[in-house]
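K.L.:
Questions regarding the structure given below will be posed in turn.
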Amino acid sequence: MTVLSARGLAKAYGETPVFSGVDLDLAAGEIVALLGESGAGKSTLLNCLAGLDEADTGSITLDGHDLRALDDEARSALRRRSLGFVFQAFHLLPHLSVADNVALPLRLLGHADDARVAQMLAAVDLGGLAARMPRQLSGGQLQRVAIARALVHRPRLVLADEPTGNLDARHAAEVLALLRRCALEAGAACLLVTHSERAAEAADRRLRLDAQGLHAA
Ligand code: ADP
């Protein structure tokens, strides 16, 4: 079953093209690595697929909905329900504890579930730090909070920008295993921007982005 389908996406900043001709299908349960040189447009593509940025042309279907035809409110609702996004810079809320950051997607859906939050914190090896504030965490710990937050509501699509970029080998392997469990158990499709060979090898397939579009790598 297709979770995300994009056709003919193109994006430029002013006169400078970033990418064009991007076609992509992500199936339920698969993990795909998105590779490409720095500046190739990987983060921009992820933002466009998430509806956080707008492509200049092309179509995006997420969970059966034409993303670009929705108004802002409907697009936000679809994003809250169906999408987990791991930002490269984490974007945790600084005034909320670790547990409250992870709980936020569930609260926004009206499904507060403390047991699920505790399960996700344990899954990223942060069970003991639930009450900490983000400023009291290392970069690797912040990244794991961001991953727990992105997965807590069992999204259909996970978009992650270098989700193991700040992690040591053990925690990187745990995060990849967690993403695999989400793919298997919740049928999530995962697209991971990565420069890590290990993360790319752990994916089901690898795509490379360049100015002409996406190609099998
Ligand atoms: P990657 O994630 O592959 O490193 P990015 O998506 O961050 O690449 O950036 C792609 C290109 O678009 C880069 O050349 C970058 O400088 C440019 N770019 C990104 N965001 C903006 C912006 N807001 N305004 C102008 N240029 C941008």
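None of the figures in this text is laboratory data; all of them are computed from the coordinates on show. All of these numbers come straight from a predicted model, not from anything done at the bench. Cβ placement follows ideal geometry from the backbone for every residue including glycine, while neighbour counts extend to all protein chains displayed.
K.L.:
Taking 0.36 nm per residue of separation and subtracting the Cα-Cα distance, what length does fully extending TYR13 through SER76 add?
P.N.:
Details: separation 63, 0.36 × 63 = 22.68 nm, distance 2.40 nm.
Full extension from TYR13 to SER76 adds 20.3 nm.
K.L.:
Something else about it: Relative contact order for the chain: what percent, with Cα pairs under 8 Å and sequence separation of 6 or more?
P.N.:
31 percent
K.L.:
Once label points are set 7 Å from the Cα along Cα→Cβ at both ARG68 and ALA217, what is their separation, rounded to one decimal in nm?
P.N.:
Rounded to a tenth, the inter-label distance reads 2.5 nm.
K.L.:
Which value results when the Cα radius of gyration for the chain is divided by 2.2 N^0.38 Å?
P.N.:
Details: Rg = 16.6 Å, N = 217, 2.2 N^0.38 = 17.0 Å.
This ratio for the chain stands at 0.98.
K.L.:
Now, a different point. Mind jotting down the distance between the C-alpha centroids of segment 1-72 and segment 84-123, whole Å?
P.N.:
Using only Cα atoms, the two centres lie 25 Å from each other.
K.L.:
While we're on this one: Counting only the backbone N, which residues of segment 164-191 are under 15 Å from the spot 7 Å out from the Cα of LEU52 toward its beta-carbon?
P.N.:
Only 164-165, 191 pass the distance filter.
K.L.:
Can I ask one more? Explain nothing, just compute: Karplus ³J(HN,Hα) = 6.51 cos²θ - 1.76 cosθ + 1.60, θ = phi - 60°, for every residue of segment 145-153 in order, whole Hz, x for Gly and Pro.
P.N.:
Result, ordered by residue: 4, 4, 5, 4, 5, 6, 9, 4, 9 Hz.
K.L.:
Count the net charge of all other residues whose Cβ sits under 13 Å from the Cβ of ALA183, scoring Lys and Arg as +1 and Asp and Glu as -1.
P.N.:
+2
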